[in-house]
1. Please give me the summed charge of the neighbours of B:LYS391: other residues whose Cβ is under 12 Å from its Cβ, Lys and Arg +1, Asp and Glu -1.
2. Please state, to two decimals, what the Cα-based radius of gyration of the range B:76-182 comes to when divided by 2.2 N^0.38 Å (N = residues).
3. Which net charge results when you count Lys and Arg as +1 and Asp and Glu as -1 among the other residues whose beta-carbon is under 12 Å from that of B:LYS489?
4. Can you tell which of B:VAL278, B:PHE508, B:SER432 lies farthest toward the positive end of the dipole of the protein assembly as shown, using +1 and -1 charges on the Cβ of basic and acidic side chains (Lys, Arg; Asp, Glu)?
5. Show me, for the range B:36-42, the HN-Hα J-couplings you get by feeding each phi into the Karplus relation (A = 6.51, B = -1.76, C = 1.60, θ = phi - 60°), rounded to Hz, glycine and proline as x.
6. Provide, as a two-decimal number, the C-alpha radius of gyration of the range B:220-271 over 2.2 N^0.38 Å, N being how many residues it has.
7. For the range A:154-261, state what percent of all Cα-Cα pairs lands in each successive 10 Å bin, counting from 0 Å until the bin that includes the largest distance.
8. Let me check the size of the range A:301-438 from its C-alpha atoms; what are the radius of gyration and Dmax in Å?
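Any read-out appearing in this document is the output of simple, stated calculations on the displayed coordinates, not a laboratory observation. Computed from a prediction, not measured in an experiment: that's the story for all the values here. Cβ coordinates were reconstructed from backbone atoms using ideal geometry, including for glycine residues, and neighbour counts include every protein chain displayed.
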Amino acid sequence: MNNNIGFEIIETKIASAPSFKINGITVHSVYDPLSEARKWAAQIINRIENEGMPDKIIVFGLGAGYHIKALADLLKKQENTIKIEAVEPSEKSFNFIKSNFNVSELLKALKITVLDSACKNVYADASSISQELELDKGSILFCELPSYRKIFPEAYGLTYKLYGINQFFTPSSFKILVVQPMYGGSSTIGNYLHSALLGLGYDVKILDFSKFYDAYKYMGEFTPNEDHVNSLKQSLFNLMSEALLSSVFNEPPDLVIFMAQSPASERTLLKLKSMGIKTAYWFVEDFRTLTYWNTIAGNVDYFFTIQKDDFFTELKNIGANNFHYLPLACLPDFHKKITEINEEDRIKYGSDVSFAGAGYYNRKNVFAQLIDFNFKIWGSDWHVGLPLSLLIQDGGKRFTEEEAVKIYNYSKININLHSSMWHWDINPNGDFLNPRVYEILACGGFQLVDRRRYMEGLFEDGKDLVVFETVDDLRKKIKYYLANEEERSAIAAHGRETVLNNHTYERRIREMMNIILLDSYEQIKSKIETRKQNISELLKETEGNKELHDLIMQFSGKKSISIGDMAESIKRGKGRLSKSEAMILMLWAIKSKLVKLQGL
Amino acid sequence: MGDFFQSIPLIDASASPKGGNGAKNIALLIDESIYNIKNIFNDGINFFTYESLLKLSGISAESLNEFDFFLSDFTSKYKLAVNLNYDFANSLFINLFKEQKRGFIALCKSPKNAESIHRSGAANYLFNIVKNRSLNRINIVDIYSLIGSEKPAEIKTSYNIINLKKQAKGTLLRICISIGATHPKRVWQSEKYADLIKLLSENLNCEIILVGTADESSAAEEIKKNLQSGTDINLIDLTGKTSLYELIYLIKDFDLIIASDTGTLHVSQIFNVPSVSVYTGNANFYETGPHIENSYVIYSKIECYPCMQNEPCRYNYACKNDINPEDVFNLALMQFIKNKKHKHFKKHEIKLSDVKKRVISNENKGNFSVAVCKHLDSIHFYPLYKKTITKNEFASEIFKFCWLGVLSKNSVKIDKNNVLRYTDKYYTIDKSELNSLIKEIYFMKDVFENARKSYIDKKFIDIDKDDFFYFEKFKEAVKSLGLNYGYFKLASDYFIDELNFSGVEKSFNDIILLLDSATDILKSNSSSNNNSNNSI
């Protein structure tokens, strides 16, 4: 929000009803603000009569309150008890109004939401604005003080779109495809994303390319020539891209989310675009280590990153302007505190100190200095001799995510040292937080982690987790927290609360979807509105057509239905098509064809 | 567009009182992009598009009820509905018609369109030639007619349903060159077109008109750049400058069209315009070749021709390089001579036989072939001179006639003598290969006749577990017959699919009729061979 706001009181013809200006724009009529307010209120009553009785009215713009008072009076006359709420975009303007106008009665009667009190990141706060205004509850009539549209155009646009989204958008009406890579850590995150999307009610499918991994590894068997091997691998990558296009062809999703290293070739992305499908890419890698982002970022609609600052500069340099910071998270249904201790697991996975992860260069150097602790190291690629090999568990085998949860739960101290291929111990310039930060906390584990730039504002050192600066510092803190169980447990509990409140995949999805929905508002609205219809209304209106009515009755358990839903259900059936079924399928097939052609 | 014009003989026959349905009211559901061609048709032919049928305001009770009402009214008006297109929406639409339905019809519920869309007979044949292209020798014009009317197309020089008629010509020969196609594989090189234009202009008093869409304007510019200045060439570039209607209006009066497998070529056939067509890439002339008698097709002998549309070309479009402008020019000359256009020749002493000899000589030296369209109650392509063919090619040639019998439900009777006359005139096959083919077909006929005894004569309706198990085994055996005897693969695929759509009895009857007809022809062929002591 723009914090440079200027105010000016203006005398009007009605002495008791002054107006004012914000940034030179008059808020209420300089002639008769009360009459203007009455006219405005009458228009709102008219809308209510035409559109039906809402559960509440949200008014964007408190102003001096004349319009809201006029509306409340009219509603009272009609013995109407519809709730009214107000949205004031700026704290400064709110304070100005409170100081200069008689709004105390209004402030007692109304719920007023001040938008910019937490508006550093409009998309992150879009979720909280939606929640604050309870935009998804009941039917809402949204209106505004006309002058506020000019004074606060961005805030108005955001609030209006959020209101609109909640009117037309339900997760179940939105189809998402998550595309996984063949292998790698981002496929785990892809699985979490998929689970969280399902949990939020999205119509989501996942495309798993892990079966291609063996073929990918095998390419090297055909020739020692590296160029040839790369060419073969590229062909395999192209094949996966074609497989992806085949999978979306018959049932196009609304959004495809690519995880890092998934087959997102330029041709694929352009083809999806031509089909009217939105694309998002979540680049959960270090942009300095893996540089393929520069071939992708410009071709997707939304490019999400776990780094900003330098990465954003690089992205701007290649002409991209579609990037958004979206850190990793935890999946509470999976990363949870174990309440019933399994003794066998505790013995196997428990220790004073643990680390679960791959054997990167810096980790080997640091952990070699911790061998005097009861320290268990889990994971692969730990090609070392003594003495570190004594600490490696399960013969250096990869652990499953389920095992990770046990490790985090049963270890007294979880070390989380961010990897580096070229720093001796700790990367002093490390920025992003790895998934382990969130996962350990969600499991209720106590975490000792190296300092990272983006920790600021997300987690508090000493309250949610504990940061170490050097290996010596790490050693001291291990000893300290092993000896201070209560403090250790309190930090773990607080860290868990923080991460569950603020850093779940559900929350990330809301943020991602806010970005996408706000940015592509008109397009997605147009697409979805043509799909959905309220079931009960449909049932009522098709009473005269038994066959159609019976067909729609099958969906009476749902709130609303799209033609695609009906088509899917029909296709899953068996036997001959009835006339109504053929008609619905035909409508769906034609609409799909025409929507594709029109690029909707 | 090409597909639409290739279905004109069927539409015309449907409207014809003689031998057709005499339908007074014909509705055609077509793509929006070609809607404007409706102006070339008579009243009584009504055009619809999906856009005109539907309001896209979303699913509402009002729109559903409205659509339901519209469908009830619309579908009850027509005695016959035909869908020539393997498209899900079209197939569903056809389902809703109350009277007779033919072609691709969506009847069942299934997540897979292939299981939902019913196709039997000629529609099933059409579906299966997509993966067995080299085995098909029936032209799509005939296939569409077989789907819609259960008989091959009646090719006319002028169609009653079209109100555009040819007009008197000017003093120059008007040669149309359609330079584009929907797929790059079918587009001949610009420099070759330029060389061809030079040859035409040097030898004929003609005007050459380039046609195509706006996308082809750049190719037209390339061609013009390749034509040296100073040469007296009467060239008009109409690429991107005509509407579809205007293009059709012009095409009907051309003296010759030179094109690849593109919509313009097929439009020209409806107006009986002589043609020379260049078939490259995925364009299979047997399937989509120009259907006017004596149309010439020139194509590469390269092994990979014809290829699949979506298959990337690994040979740098070598099939295009095998076709030379000189040979296309010679074929154009042959057309003009046959159609008595001598007065337009700059050098009057050109004989057909000389030109033909040149073409044949070049064919022998080069890597291309020429096929010419002939009508024997259906559309066929034959070489310019007698050629030795392989067993598989010969089998496909014989099966072509047999399929016509099967797909017309035996209403088209094979004139064995005619078949033999043409195969004898144009093809030579090694005697041992012929004998081997005869034995194989007899063997397959035995297989199916015996199987029919087991599965039909035994009233294979109440399937018990054993019967089902063995029938599934039999189906696997049929598939492997197709794999082992390559020329039979189309038939085996047809049979397996036909079982699902038409049942056991019809499927067996179709294949046995096919094989029976083939053995009948081959038997006659063999005995006439023995009598004449010549190899065919």
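1. That sum, taken over residues with Cβ under 12 Å, equals -3.
2. Taking the Cα Rg and dividing by 2.2 N^0.38 Å, one obtains 1.41.
3. Taking every other residue near B:LYS489 into account, the sum is +2.
4. After comparing all options, I get B:SER432.
5. 5, 6, 4, 5, 8, 9, 6
6. 1.30
7. Distribution as computed: 13, 33, 27, 16, 7, 3, 0 percent.
8. 17.7, 56
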